[in-house]
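Below: the structure, in structure tokens.
The values are calculated or read from the model by the stated rules, or taken from the named source; none is laboratory data. Remember, it's a predicted structure, so these values are computed and weren't measured experimentally. Neighbour counts are summed over all protein chains in view; Cβ atoms, including those assigned to glycine, are modelled from backbone coordinates with ideal geometry.
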Amino acid sequence: MHVSLTPVLEDRIKAEVDDGFYNNASGLIREALSFMETHDKWINEIKLARLRDQLKPGIDQLDHGEGIGIESRAALDELFEDAMKSHFSMPVYNQPCSILSSNAALDKHHSHTAWNT
């Protein structure tokens, strides 16, 4: 396998090897890939924990019989439509322009945000 590196990265790898932290560039790359894999697993665990935290109130509501029965695709579409209307009727700050531009009223109301140009 051939890998192309920028001169800066190449110098950094050489410095790590020269300082004795690694026996050779391959050792550094192996450890970097291992670190990257560990980091990715850690990030996925955090995302999963956050998702579970966000789902918990809804699951608790369902456990207490507070759910909404959806009997058809039309009813589901209506539920999402109502949720979107509710979401976009709330004040929105620091949203990218692409989101704001989907609703002209929000664009006008929030034209002072840092994201608008």
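Side notes on the structure shown:
- Some residue of the range 54-65 being at pLDDT 75 or above and either closer than 30 Å to Leu5 by Cβ or not in a helix (DSSP H, G or I) (or both): yes
- The sole residue among Leu9, Leu5, Leu28 that is in a loop (DSSP other than H, G, I, E, B), of a type in the set (A, V, I, L, M) and surrounded by 11 or more Cβ atoms within 10 Å (Cβ to Cβ) is Leu5.
- Taking the range 50-79 as the range and being under 25 Å from the mean Cα position of the chain (by Cα) and loosely packed, with under 10 Cβ neighbours inside 10 Å as the test, the residues that pass are Asp53, Gln54, Pro57.
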